[in-house]
Amino acid sequence: MTARHAAEILFTARRALALTGAGVSAESGIPTFRGEGGLWKQYDPVKVASIEYFMADPSAYWTVSKERGRVALAARPNPGHHALAALEAGGRLAAVVTQNTDGLHQESGSRNVIEIHGSSRTVQCLDCASREPRADVQARLHEEMPPRCKVCGGTYLKPTVVLFGEPMPQAAITKAFALAREADVLLVVGSSLVVYPAADIPLVALRSGARMIVINAEPTPYDELAEVVIQGRSGEVLPEIVDLIGG
Ligand code: OAD
(Lines give C-alpha, C1' and ligand atoms only; values in the text may rest on other atoms or scores of the structure.)
Protein backbone atom coordinates (compact mmCIF):
# COMPACT_ATOMS: atom_id res chain seq x y z
CA MET A 1 0.00 0.00 0.00
CA THR A 2 1.42 3.26 -1.05
CA ALA A 3 1.28 7.00 -0.72
CA ARG A 4 -0.20 7.01 -4.24
CA HIS A 5 -3.22 5.00 -3.08
CA ALA A 6 -3.69 7.38 -0.12
CA ALA A 7 -3.40 10.36 -2.48
CA GLU A 8 -6.07 8.93 -4.78
CA ILE A 9 -8.46 8.48 -1.87
CA LEU A 10 -7.85 12.00 -0.55
CA PHE A 11 -8.12 13.50 -4.02
CA THR A 12 -11.74 12.44 -4.27
CA ALA A 13 -12.64 13.19 -0.64
CA ARG A 14 -15.25 15.84 0.15
CA ARG A 15 -15.23 15.69 3.97
CA ALA A 16 -11.91 14.14 4.97
CA LEU A 17 -10.99 14.24 8.63
CA ALA A 18 -7.55 13.76 10.18
CA LEU A 19 -7.14 12.21 13.63
CA THR A 20 -3.66 12.85 14.97
CA GLY A 21 -1.62 11.75 17.95
CA ALA A 22 1.82 12.22 19.46
CA GLY A 23 3.57 10.59 16.48
CA VAL A 24 2.84 13.60 14.27
CA SER A 25 4.90 15.78 16.63
CA ALA A 26 7.71 13.26 17.16
CA GLU A 27 9.74 14.75 14.31
CA SER A 28 9.40 18.15 16.01
CA GLY A 29 11.35 16.66 18.92
CA ILE A 30 8.43 16.01 21.30
CA PRO A 31 8.63 12.49 22.72
CA THR A 32 5.59 10.25 22.22
CA PHE A 33 3.86 8.48 25.10
CA ARG A 34 4.01 4.79 24.14
CA GLY A 35 6.41 4.49 21.23
CA GLU A 36 10.14 3.95 21.44
CA GLY A 37 11.56 6.39 24.03
CA GLY A 38 7.98 7.26 24.98
CA LEU A 39 7.15 9.25 28.11
CA TRP A 40 5.09 6.43 29.59
CA LYS A 41 8.11 4.10 29.44
CA GLN A 42 9.76 6.51 31.87
CA TYR A 43 6.80 7.46 34.07
CA ASP A 44 3.57 5.86 35.21
CA PRO A 45 0.91 8.03 33.49
CA VAL A 46 -1.74 7.43 36.08
CA LYS A 47 0.72 8.77 38.61
CA VAL A 48 2.33 11.79 36.99
CA ALA A 49 -0.55 12.83 34.74
CA SER A 50 -3.56 12.33 36.98
CA ILE A 51 -5.61 15.01 38.66
CA GLU A 52 -5.26 13.24 42.02
CA TYR A 53 -1.47 13.42 41.78
CA PHE A 54 -1.60 17.07 40.75
CA MET A 55 -3.94 18.02 43.61
CA ALA A 56 -1.85 16.08 46.14
CA ASP A 57 1.42 17.72 45.14
CA PRO A 58 1.56 20.39 42.40
CA SER A 59 5.35 20.68 42.84
CA ALA A 60 5.88 17.03 41.97
CA TYR A 61 3.63 17.43 38.93
CA TRP A 62 5.49 20.52 37.73
CA THR A 63 8.88 18.89 38.25
CA VAL A 64 7.97 16.34 35.55
CA SER A 65 5.95 18.79 33.45
CA LYS A 66 8.76 21.36 33.45
CA GLU A 67 10.99 19.36 31.10
CA ARG A 68 8.21 18.36 28.71
CA GLY A 69 6.99 21.97 28.68
CA ARG A 70 10.47 23.23 27.84
CA VAL A 71 10.73 20.84 24.90
CA ALA A 72 7.17 21.53 23.66
CA LEU A 73 7.56 25.31 23.83
CA ALA A 74 10.76 25.13 21.79
CA ALA A 75 9.24 22.78 19.20
CA ARG A 76 8.28 23.99 15.72
CA PRO A 77 5.88 22.33 13.28
CA ASN A 78 7.48 19.68 11.05
CA PRO A 79 6.71 18.79 7.42
CA GLY A 80 3.90 16.47 8.58
CA HIS A 81 2.04 19.35 10.26
CA HIS A 82 2.63 21.56 7.22
CA ALA A 83 1.33 18.86 4.88
CA LEU A 84 -1.93 18.59 6.84
CA ALA A 85 -2.30 22.38 6.74
CA ALA A 86 -1.72 22.26 2.96
CA LEU A 87 -4.39 19.57 2.55
CA GLU A 88 -6.88 21.77 4.41
CA ALA A 89 -5.90 24.88 2.44
CA GLY A 90 -6.31 22.90 -0.79
CA GLY A 91 -9.81 21.81 0.20
CA ARG A 92 -8.84 18.15 0.73
CA LEU A 93 -9.28 18.09 4.50
CA ALA A 94 -12.21 19.44 6.53
CA ALA A 95 -10.59 19.38 9.97
CA VAL A 96 -7.94 17.95 12.27
CA VAL A 97 -9.03 16.27 15.49
CA THR A 98 -5.93 16.01 17.64
CA GLN A 99 -5.03 14.30 20.89
CA ASN A 100 -1.96 16.54 21.02
CA THR A 101 -1.87 19.57 23.26
CA ASP A 102 1.20 21.24 21.72
CA GLY A 103 -0.57 23.69 19.36
CA LEU A 104 1.70 22.75 16.45
CA HIS A 105 -1.17 22.09 14.03
CA GLN A 106 -2.44 25.64 14.50
CA GLU A 107 1.09 27.01 14.27
CA SER A 108 1.60 25.24 10.94
CA GLY A 109 -1.53 26.90 9.52
CA SER A 110 -4.28 24.34 10.12
CA ARG A 111 -7.43 26.34 10.86
CA ASN A 112 -10.07 23.86 11.90
CA VAL A 113 -8.34 22.07 14.78
CA ILE A 114 -10.26 20.30 17.54
CA GLU A 115 -8.14 19.62 20.61
CA ILE A 116 -9.82 16.77 22.45
CA HIS A 117 -7.18 16.59 25.21
CA GLY A 118 -6.97 20.35 25.73
CA SER A 119 -4.01 22.66 25.23
CA SER A 120 -0.71 22.84 27.09
CA ARG A 121 -0.11 26.37 25.83
CA THR A 122 -2.31 27.86 28.56
CA VAL A 123 -2.27 27.44 32.34
CA GLN A 124 -5.28 28.00 34.58
CA CYS A 125 -5.50 28.76 38.30
CA LEU A 126 -7.86 26.27 39.94
CA ASP A 127 -8.55 28.80 42.73
CA CYS A 128 -9.53 31.94 40.79
CA ALA A 129 -9.86 30.55 37.22
CA SER A 130 -7.56 33.17 35.71
CA ARG A 131 -5.43 32.03 32.79
CA GLU A 132 -1.98 32.87 31.55
CA PRO A 133 0.28 31.62 28.78
CA ARG A 134 2.26 28.49 29.57
CA ALA A 135 5.39 30.26 28.35
CA ASP A 136 5.06 32.84 31.16
CA VAL A 137 4.63 30.18 33.86
CA GLN A 138 7.45 28.14 32.35
CA ALA A 139 9.77 31.17 32.58
CA ARG A 140 9.36 31.42 36.36
CA LEU A 141 9.55 27.70 37.21
CA HIS A 142 13.24 27.94 38.07
CA GLU A 143 12.52 30.43 40.87
CA GLU A 144 9.09 29.29 42.02
CA MET A 145 8.00 25.70 42.63
CA PRO A 146 5.10 25.16 42.47
CA PRO A 147 4.35 28.23 40.36
CA ARG A 148 1.95 30.74 41.93
CA CYS A 149 -1.03 32.44 40.34
CA LYS A 150 -0.18 36.05 39.48
CA VAL A 151 -3.72 37.15 40.32
CA CYS A 152 -4.56 35.38 43.62
CA GLY A 153 -1.27 33.76 44.68
CA GLY A 154 -2.81 30.26 44.57
CA THR A 155 -0.52 27.28 44.08
CA TYR A 156 -2.84 25.14 41.96
CA LEU A 157 -1.85 26.31 38.49
CA LYS A 158 -2.72 23.60 36.00
CA PRO A 159 -2.08 23.45 32.26
CA THR A 160 -5.41 23.37 30.42
CA VAL A 161 -4.84 19.75 29.39
CA VAL A 162 -7.00 16.80 30.32
CA LEU A 163 -5.33 14.83 33.11
CA PHE A 164 -6.30 11.24 33.90
CA GLY A 165 -9.38 11.36 36.12
CA GLU A 166 -10.64 14.62 34.61
CA PRO A 167 -13.69 14.99 32.35
CA MET A 168 -13.09 15.43 28.64
CA PRO A 169 -13.84 18.85 27.09
CA GLN A 170 -17.42 18.11 26.09
CA ALA A 171 -17.80 20.61 23.25
CA ALA A 172 -14.62 19.37 21.55
CA ILE A 173 -15.66 15.73 21.92
CA THR A 174 -19.12 16.41 20.50
CA LYS A 175 -17.59 18.25 17.54
CA ALA A 176 -15.00 15.50 16.94
CA PHE A 177 -17.63 12.77 16.82
CA ALA A 178 -19.92 14.84 14.59
CA LEU A 179 -17.01 15.31 12.15
CA ALA A 180 -16.29 11.56 12.32
CA ARG A 181 -19.90 10.74 11.41
CA GLU A 182 -19.79 13.19 8.47
CA ALA A 183 -16.36 12.14 7.20
CA ASP A 184 -15.97 10.28 3.92
CA VAL A 185 -12.27 9.66 4.63
CA LEU A 186 -10.51 9.31 7.97
CA LEU A 187 -6.76 9.92 7.93
CA VAL A 188 -5.20 8.62 11.14
CA VAL A 189 -1.68 9.91 11.76
CA GLY A 190 0.77 9.10 14.54
CA SER A 191 -1.50 7.57 17.14
CA SER A 192 -1.34 4.20 18.90
CA LEU A 193 -5.18 4.33 19.00
CA VAL A 194 -5.39 2.86 22.47
CA VAL A 195 -6.76 5.85 24.41
CA TYR A 196 -10.52 6.39 24.55
CA PRO A 197 -12.71 8.08 23.52
CA ALA A 198 -10.30 9.08 20.70
CA ALA A 199 -9.88 5.43 19.74
CA ASP A 200 -13.64 5.22 19.08
CA ILE A 201 -13.39 7.85 16.34
CA PRO A 202 -12.20 5.37 13.67
CA LEU A 203 -15.09 3.02 14.46
CA VAL A 204 -17.65 5.82 14.28
CA ALA A 205 -16.25 7.07 10.97
CA LEU A 206 -16.09 3.57 9.48
CA ARG A 207 -19.64 2.81 10.58
CA SER A 208 -20.75 5.97 8.78
CA GLY A 209 -19.09 4.75 5.58
CA ALA A 210 -15.70 6.50 5.70
CA ARG A 211 -12.63 5.02 4.03
CA MET A 212 -9.65 4.88 6.38
CA ILE A 213 -5.95 5.61 5.86
CA VAL A 214 -3.50 4.94 8.70
CA ILE A 215 -0.01 6.49 8.74
CA ASN A 216 1.96 5.37 11.77
CA ALA A 217 5.45 4.21 12.65
CA GLU A 218 4.09 0.99 14.16
CA PRO A 219 1.01 -1.21 13.60
CA THR A 220 -2.21 -0.05 15.29
CA PRO A 221 -5.19 -2.11 16.47
CA TYR A 222 -7.28 -0.74 13.58
CA ASP A 223 -4.91 -1.47 10.69
CA GLU A 224 -6.97 -4.34 9.34
CA LEU A 225 -10.01 -2.06 9.01
CA ALA A 226 -8.06 0.48 6.96
CA GLU A 227 -7.98 0.63 3.18
CA VAL A 228 -4.43 1.96 3.24
CA VAL A 229 -1.83 1.45 5.97
CA ILE A 230 1.51 3.17 5.58
CA GLN A 231 4.11 2.33 8.20
CA GLY A 232 6.48 5.25 8.28
CA ARG A 233 7.22 8.72 9.54
CA SER A 234 4.43 11.22 9.06
CA GLY A 235 6.93 14.00 8.32
CA GLU A 236 8.00 12.05 5.23
CA VAL A 237 4.81 10.27 4.17
CA LEU A 238 2.39 13.23 4.39
CA PRO A 239 4.45 15.61 2.21
CA GLU A 240 4.77 12.82 -0.37
CA ILE A 241 0.97 12.48 -0.44
CA VAL A 242 0.53 16.25 -0.79
CA ASP A 243 3.02 16.27 -3.68
CA LEU A 244 1.14 13.47 -5.41
CA ILE A 245 -2.16 15.32 -5.03
CA GLY A 246 -0.48 18.41 -6.37
CA GLY A 247 -0.64 20.76 -3.37
P1 OAD B 1 1.21 7.31 21.61
O2 OAD B 1 2.55 7.64 22.16
O3 OAD B 1 0.39 6.30 22.33
O4 OAD B 1 1.38 6.80 20.11
C5 OAD B 1 2.15 7.49 19.19
C6 OAD B 1 2.28 6.63 17.95
O7 OAD B 1 3.01 7.38 16.99
C8 OAD B 1 3.04 5.32 18.18
O9 OAD B 1 2.24 4.25 17.70
C10 OAD B 1 4.31 5.49 17.37
O11 OAD B 1 4.69 4.30 16.71
C12 OAD B 1 3.91 6.51 16.35
N13 OAD B 1 5.00 7.35 15.84
C14 OAD B 1 6.14 7.73 16.44
N15 OAD B 1 6.86 8.54 15.66
C16 OAD B 1 6.17 8.69 14.51
C17 OAD B 1 6.38 9.41 13.31
N18 OAD B 1 7.46 10.16 13.12
N19 OAD B 1 5.44 9.31 12.34
C20 OAD B 1 4.33 8.56 12.52
N21 OAD B 1 4.07 7.84 13.64
C22 OAD B 1 4.97 7.92 14.62
O23 OAD B 1 0.44 8.70 21.42
P24 OAD B 1 -1.12 8.97 21.26
O25 OAD B 1 -1.78 7.89 20.48
O26 OAD B 1 -1.25 10.36 20.82
O27 OAD B 1 -3.31 11.63 26.60
O28 OAD B 1 -1.57 8.86 22.77
C29 OAD B 1 -2.88 9.18 23.11
C30 OAD B 1 -2.93 9.84 24.46
O31 OAD B 1 -2.23 9.07 25.43
C32 OAD B 1 -2.24 11.18 24.54
O33 OAD B 1 -3.01 12.24 24.01
C34 OAD B 1 -2.05 11.35 26.01
C35 OAD B 1 -1.56 9.97 26.37
O36 OAD B 1 -1.87 9.54 27.65
C37 OAD B 1 -3.44 12.56 27.54
O38 OAD B 1 -2.47 13.16 27.96
C39 OAD B 1 -4.83 12.78 28.01
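The values are calculated or read from the model by the stated rules, or taken from the named source; none is laboratory data. What you are looking at is a predicted structure, and each value in this text was computed from that prediction instead of being measured. Cβ: placed from backbone, ideal geometry, glycine included. Neighbour counts: every protein chain shown. SASA here: full protein model, heavy atoms, side chains in, ligands and nucleic acids out. Shrake-Rupley method; radii C 1.70, N 1.55, O 1.52, S 1.80 Å.
Does at least one position in the range 45-60 carry a residue that is hydrophobic (A, V, I, L, M, F, W, C), under 19 Å from the mean Cα position of the chain (by Cα) and buried (at least 17 other Cβ atoms within 10 Å of the Cβ)?
Yes, that holds for at least one residue.
So the check is Cβ under 6 Å with 6+ separation or different chains; which pairs have a first residue in the range 152-181 that's aliphatic (A, V, I, L, M) and a second one that's modelled with pLDDT under 95?
So the pair list comes out as 163/49; 163/50.
Name the residues in the range 30-44 that are more than 6 Å from the ligand (Cβ to nearest atom) and either modelled with pLDDT of 75 or more or open to solvent by 90 Å² or more (accessible area, probe 1.4 Å) (or both), would you? Walk me through it before giving the result.
First, the residues of the range 30-44 that are more than 6 Å from the ligand (Cβ to nearest atom): 30-31, 36-37, 39-44.
Hits for the range 30-44 are 30, 31, 36, 41, 42, 44.
From the list 18, 85, exactly one residue is assigned by TED's automatic domain parsing to the domain that holds residue 179, more than 19 Å from residue 163 (Cβ to Cβ), in contact (Cβ under 8 Å) with a residue 60 or more places away in the chain and open to solvent by less than 50 Å² (accessible area, probe 1.4 Å). Which is it?
The match here is 18.
Could you list, in sequence order, the residues of the range 155-195 that are near the ligand (Cβ under 9 Å from one of its atoms), farther than 30 Å from residue 3 by Cα and in contact with a helix residue (DSSP H, G or I) (Cβ under 8 Å, 6 or more places away or on another chain)?
163, 164, 166
If you scan the range 88-133, which residues turn out to be among the small types (Gly, Ala, Ser), open to solvent by less than 30 Å² (accessible area, probe 1.4 Å) and more than 16 Å from the ligand (Cβ to nearest atom)? Reasoning before the result, please.
Here is the first cut: in the range 88-133, the ones among the small types (Gly, Ala, Ser) are 89-91, 94-95, 103, 108-110, 118-120, 129-130.
From what's left, open to solvent by less than 30 Å² (accessible area, probe 1.4 Å): 94-95, 103, 108, 110, 118-120.
94, 95, 110 - these are the residues of the range 88-133 that are among the small types (Gly, Ala, Ser), open to solvent by less than 30 Å² (accessible area, probe 1.4 Å) and more than 16 Å from the ligand (Cβ to nearest atom).
Please determine, by comparing only the residues of the range 192-240 that are touching a residue at least 12 places away in the same chain (Cβ under 8 Å) and basic (Lys, Arg), which one is nearest to residue 174 (Cα to Cα).
This residue is 211.
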